[in-house]
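Written below as C-alpha cells is the structure these notes are about.
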Amino acid sequence: MPEVPSLSGSVSDVFAPDGALARAVPDFEPRAGQIEMASAVARAFEDGGVLLAEAGTGTGKTLAYLVPAILSRQRVLISTGTKNLQEQIYFKDIPALRDALGIPFTATYMKGRANYLCLHRMDQLTGGATGAPVVHDVFLPIIKEWSARTETGDRAELEDLPEDLPFWNEVSATAETCLGTECARYDECFVTRMRQRAAASDLVIVNHHLLCADAAVRQNAFGEVIPACTNAVLDEAHQLEDVATQYFGFSVSTYRLEELARDVERLAASGAIDDRQSQDDLANAINKLRDHARAFFAELAYAHRTSGQTRGEERVRATDASLRGTHDAAAHLTSALDVVESTLALLRRPASGAGDAGAGADETDEGGRAEEIQALARRAGELRTELRFLLRAGDAEYVYFVEFRGRGIFLRASPVDVSKIVRELLLDRMRTTILTSATLTVDGTFDYIRDRLGISTAGELRLPSEFDFARQAILYLPPRMPDPRSADFALAAGREVIEILRRTEGRAFVLFTSYATLGAVQAMAEMALDYPMFVQGTAPRSQLLRQFRATPHAVLFATSSFWQGVDVIGDALSCVIIDKLPFASPSDPITAARIEAIRERGGEPFGEYQVPLAILALQQGLGRLIRHRRDRGVLAVLDPRLRTKGYGRRFLGSLPPAPVVHDLSRIEAFFRD
C-alpha cells in the first residue's frame with residue numbers, strides 16, 4: 001500500500017521548480033523564503049500550536065499559507081488587516097490556486113454585517129409612513145431595484161453609491177437590529193446566505209474587524225456570523241491589538257441613541273401597533289429619550305471639550321471626577337431608556353381581538369413583530385446597562401474617554417490590555433494559529449508582539465525581504481532639520497519636501513503624523529510645484545488611489561490611513577516621504593493608559609511600548625515603496641531624531657537595508673543611473 005505523503009511533503013512538491021505552481025502560474029519563481037514559510041505553516045497545521053512568521057516584503061507569504069491551508073483539507077479561517085488583501089486573496093490568489101492545484105475546494109469571502117443590505121429594514125422603509133426624508137425618495141428606489149437582482153447584497157456592487165452615504169446605515173444589516181430566525185426574510189437574508197456558504201466552505205476569508213466583532217458578540221451568544229473553525233491564519237497580525245481594542249469595549253453615542261429612537265418610530269409607522277394609546281405612550285417615550293439624550297451629551301461635551309471648537313476628531317480622557325457633572329442628566333437619560341424598554345415590553349402582547357381574523361396566515365408576521373419589539377426593548381436595556389457602567393468609570397482594566405467625531409459624541413471604555421482577551425477569545429479556541437506580517441519583530445525579536453497579544457508558547461520564523469534594497473532604494477535623511485516639536489519644523493519640512501519632489505518629478509506619497517503639518521506642507525508645495533496633488537479627505541481613499549495610479553507625476557498627501565495596506569507597483573510611486581517618527585500621542589487616552597499600566601508594573605513605557613509601536617508603524621509606512629523586484633525609489637524620513645537621539649539607532653536598525661544619503665544630489669544621481 002503506497003505511503004500517504006505528509007502535508008509538509010505535499011506542500012514542498014507544489015513549490016518545487018517543476019511543481020504545480022511553476023507549471024500553472026506565469027513567471028513563477030521558487031523563492032527560498034516562501035518555501036521555508038510554507039513548510040513551517042504545514043508543520044503547524046500538522047502539529048497544532050501557534051506560529052509567529054515575519055515574512056519580509058516580496059516573500060510571497062499569502063501563497064505560503066494558502067497552499068498548506070488548502071492541502072490540509074481542513075476548514076481554515078483566513079483573517080486580514082485590510083480589505084485590499086482580503087480582496088486580493090479571494091479574487092486573485094484563490095482562482096490561481098484552484099487552477100494550479102487541480103483539487104476541488106471552496107472559499108467564502110465574508111465582510112462585516114454593515115456591508116450587506118437588510119431586506120427587513122428596506123421593507124420597513126418601503127412601507128413606511130408619509131413624510132420620509134427626501135433622501136429616501138432618491139436612494140430607496142435604487143437600492144430596492146438592486147436588491148431584486150443581487151446575489152450577495154454587498155454594497156460594494158453599488159459603485160455609484162457614495163462610500164460615506166448616511167442613508168446606507170438605515171438599510172444595512174446590524175447585530176443590534178437582527179431578528180434572527182424570527183425575521184420574515186430570514187431565508188432570503190444576505191447575511192444568512194453568507195453564513196451558510198461559509199459553513200460549507202474550506203476557506204473562510206474575513207478581516208480583523210469582522211473577526212473581533214464576531215468574537216465580541218459571540219461572548220453574548222447572539223449575532224455571530226463566522227462558522228466554527230479550529231485553524232486560523234491571521235495576516236497583517238501587527239494590526240490585531242488596535243482592532244481588538246476597538247471591539248472589546250463599550251460605547252454609547254449620540255448615533256446609537258438616535259438609531260434606537262428612529263427604529264422605534266419606524267416600527268410604529270409600519271402599522272405594527274394598532275392601539276392608539278400605546279402609539280401615544282411610545283411617541284412620548286421617544287420624545288423624552290431624545291430630549292434627555294441631547295441634554296446628557298451637551299453636558300458631556302461641555303465637561304470634556306479641550307476648547308470651544310473641537311477638531312474633526314478628538315479623544316479626551318474621562319474620569320469619575322470629569323463625569324460627575326453629567327450625573328443628573330445621565331439619571332434622566334437612563335430613566336428615559338427604562339420607560340422606552342417598559343413601554344415596548346407592554347406591546348409584546350397584541351391587543352385583545354387584534355389577531356382573530358386570518359390568524360393562521362398572520363402567525364409568521366405576528367411572530368416577527370413580537371421579535372422585533374423584543375429586540376428594540378433589549379437594545380434599550382443594553383444601552384441603559386452600558387451607560388451606567390461607563391458613568392461609574394471604575395473598572396481599572398478599562399480606559400474611559402469621550403470621543404468627538406464629526407457631529408457624533410461617544411462615551412467609550414476600551415480595554416487597557418487586550419492580551420488576555422485575544423488569548424481567550426481567539427487564540428485558545430484554535431488548534432492552530434498562524435500570525436504573520438511583514439512587520440512583527442522589533443530589535444530582531446518577537447518579544448513585543450508576544451507581550452501585546454498574550455502569546456506565551458509559539459514557534460518563530462523570521463524571513464528577510466526578497467528585494468535588493470541596496471540596488472532598488474536609497475534612504476535620504478536631511479543633514480539639518482529643527483526639532484519636530486518646534487514651530488519651525490513645518491516650514492523646514494515643506495522646503496525639504498519641495499526639493500525632494502523636484503528631483504523625483506512627483507510620483508510620491510508624503511505621509512504625515514498630523515493634519516496640521518500636512519496642511520502647512522501641502523500649501524507650500526502647491527505654490528512651488530506644478531505636479532498634480534491629491535489630499536486625503538478630499539475623496540474616498542479608494543478613489544484617491546485610483547486617481548494617483550492613473551495620473552503621471554502625481555503627489556499624494558496623507559496621514560495614518562495610507563501608512564499601510566496600500567500597493568502602487570511601478571514608476572507611479574517612486575518616493576515615500578515621512579515627516580516625523582510616528583509616535584502615538586501620549587495625550588491619547590488609550591496610549592496614556594497603557595503607558596501608566598507599564599509604569600505601574602515597574603516597566604519603562606517609552607522603550608517597551610512607545611518606541612516598538614512607532615518602529616512597526618514606520619516600517620509599514622516605508623514599506624509602501626518597494627512592492628516588486630522592478631520597483632526603485634527614494635525613502636525619506638525628515639525627523640532628525642533618527643540621528644540625534646539614542647533610540648534613533650533602534651529605528652535605523654529596523655529600516656530596509658538601503659544606502660543612507662544626506663545630500664539631495666544623490667537623489668538626482670539615483671534616478672539618472
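The values are calculated or read from the model by the stated rules, or taken from the named source; none is laboratory data. Everything quoted here is computed from the prediction, not taken from an experiment. Because the Cβ atoms are built from the backbone with ideal geometry, glycine has one as well, and the counts that use them run over all protein chains shown. The area values use the complete protein model at the heavy-atom level, side chains included, leaving out ligands, DNA and RNA. Shrake-Rupley method; radii C 1.70, N 1.55, O 1.52, S 1.80 Å.
In the list E46, E54, which residue meets the criterion of being acidic (D, E), within 31 Å of the chain's Cα centre (by Cα) and more than 25 Å from R627 (Cβ to Cβ)?
E46
The conditions are (1) surrounded by 19 or more Cβ atoms within 10 Å (Cβ to Cβ); (2) without any contact (Cβ under 8 Å) to a residue 60 or more places away in the chain, and P640 fails exactly one of them. Which is it?
Answer for P640: the failing condition is (2).
Somewhere in the range 581-602, is a residue open to solvent by less than 10 Å² (accessible area, probe 1.4 Å) and closer than 16 Å to L477 by Cβ?
Yes, the range 581-602 contains at least one residue that is open to solvent by less than 10 Å² (accessible area, probe 1.4 Å) and closer than 16 Å to L477 by Cβ.
Would you point out which residue out of S560, S574 is within 15 Å of L511 (Cα to Cα), at pLDDT below 95 and buried (at least 19 other Cβ atoms within 10 Å of the Cβ)?
Unique residue meeting the criteria: S574.
Could you list, in sequence order, all residues of the range 640-655 that are over 23 Å from Q472 (Cβ atoms) and assigned to a loop (DSSP other than H, G, I, E, B)?
Of everything in the range 640-655, those that are over 23 Å from Q472 (Cβ atoms) and assigned to a loop (DSSP other than H, G, I, E, B) turn out to be P640, K645, G646, Y647.
Please determine, by comparing only the residues of the range 153-181 that are of a type in the set (A, V, I, L, M), more than 19 Å from the chain's Cα centre (by Cα) and surrounded by fewer than 18 Cβ atoms within 10 Å (Cβ to Cβ), which one is modelled with the highest pLDDT.
Restricting to residues being of a type in the set (A, V, I, L, M), more than 19 Å from the chain's Cα centre (by Cα) and surrounded by fewer than 18 Cβ atoms within 10 Å (Cβ to Cβ), the top hit is L158.
Modelled with pLDDT under 90 and of a type in the set (K, R) - does that describe any residue in the range 82-91?
Within the range 82-91 (the criterion being modelled with pLDDT under 90 and of a type in the set (K, R)), the answer is yes, since at least one residue qualifies.
Residues that are β-branched (V, I, T), open to solvent by 10 Å² or more (accessible area, probe 1.4 Å) and assigned to a helix (DSSP H, G or I): does the range 615-626 have at least one?
No, the conditions are met nowhere in the range 615-626.
Conditions (1) aliphatic (A, V, I, L, M); (2) open to solvent by less than 60 Å² (accessible area, probe 1.4 Å); (3) farther than 30 Å from S414 by Cβ, marked per residue:
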| residue | (1), (2), (3) |
| --- | --- |
| P141 | no, no, yes |
| E151 | no, no, yes |
| C183 | no, yes, yes |
| D187 | no, no, yes |
| T192 | no, yes, yes |
| N231 | no, yes, no |
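Restricting attention to the range 643-673, which residues are touching a residue at least 60 places away in the same chain (Cβ under 8 Å) and of a type in the set (A, V, I, L, M, F, W, C)?
F651, L655, A658, V660, V661, L664, I667, F670, F671
Which one is farthest from G81 (Cα to Cα), of the residues in the range 526-570 that are under 21 Å from the mean Cα position of the chain (by Cα) and charged (D, E, K, R)?
R546
Taking the criterion of being acidic (D, E) and modelled with pLDDT under 90, would at least one residue in the range 303-325 satisfy it? It would help to see each step written out before you state the result.
To start, the set of residues in the range 303-325 that are acidic (D, E) comprises 313-314, 320.
Now drop any that are not modelled with pLDDT under 90, which leaves 313-314.
Within the range 303-325 (the criterion being acidic (D, E) and modelled with pLDDT under 90), the answer is yes, since at least one residue qualifies.
Might you let me know whether the range 520-538 holds any residue that is at pLDDT 95 or above, in contact with an Asp or Glu (Cβ under 8 Å, 6 or more places away or on another chain) and open to solvent by 20 Å² or more (accessible area, probe 1.4 Å)?
Yes.
Criterion first (hydroxyl-bearing (S, T, Y), open to solvent by 10 Å² or more (accessible area, probe 1.4 Å) and without any contact (Cβ under 8 Å) to a residue 60 or more places away in the chain) does S465 satisfy it?
No; evaluated as a whole, the condition is false for this residue.
Could you grab me the full set of residues in the range 473-494 that are open to solvent by 10 Å² or more (accessible area, probe 1.4 Å) and in contact with an Asp or Glu (Cβ under 9 Å, 6 or more places away or on another chain)?
Passing the criteria: P479, M481, P482, A490.
Please indicate, with yes or no, whether at least one residue in the range 92-101 is among the small types (G, A, S), modelled with pLDDT of 95 or more and within 24 Å of A438 (Cα to Cα). Break it down stepwise before answering.
Of all residues in the range 92-101, those among the small types (G, A, S) come to 96, 100.
This time we only want the ones that are modelled with pLDDT of 95 or more, so: none.
No, the range 92-101 contains no residue that is among the small types (G, A, S), modelled with pLDDT of 95 or more and within 24 Å of A438 (Cα to Cα).
Looking only at strands (runs of 3 or more DSSP E) that lie completely in the range 361-461, which have at least 2 residues being modelled with pLDDT of 90 or more, among the small types (G, A, S) and open to solvent by less than 10 Å² (accessible area, probe 1.4 Å)?
Numbers: elements: 398-405, 408-415, 432-437.
Those strands (runs of 3 or more DSSP E) span 408-415.
Can you tell me which residues in the range 178-192 are assigned to a loop (DSSP other than H, G, I, E, B) and among the acidic types (D, E)?
Correct list: D187, E188.
For the range 656-673, give me each residue that is within 33 Å of the chain's Cα centre (by Cα) and either surrounded by fewer than 18 Cβ atoms within 10 Å (Cβ to Cβ) or in a helix (DSSP H, G or I) (or both).
Our first condition is that a residue be within 33 Å of the chain's Cα centre (by Cα); within the range 656-673, this holds for 656-658.
Hit for the range 656-673 is P657, nothing else.
Wholly within the range 248-334, which helices (runs of 4 or more DSSP H) include no fewer than the required count, namely at least 2 residues that are of a type in the set (K, R)?
254-269, 276-304
Could you check how many residues of the range 502-553 are in contact with a Gly (Cβ under 6 Å, 6 or more places away or on another chain), within 19 Å of A572 (Cα to Cα) and of a type outside the set (S, T, Y)?
2
Return the pairs, sorted by first residue and then second, in which the second residue is part of a helix (DSSP H, G or I) and of a type in the set (G, A, S), the first residue lies in the range 200-216 and is under 15 Å from V233 (Cβ atoms), the beta carbons are less than 6 Å apart, and the residues are 6+ apart or on different chains.
Listed by first residue and then by second, the contacts come to V204/A198.
Give me a count of the residues in the range 492-544 that are β-branched (V, I, T) and in a helix (DSSP H, G or I).
The number of residues fulfilling the criteria is 6.
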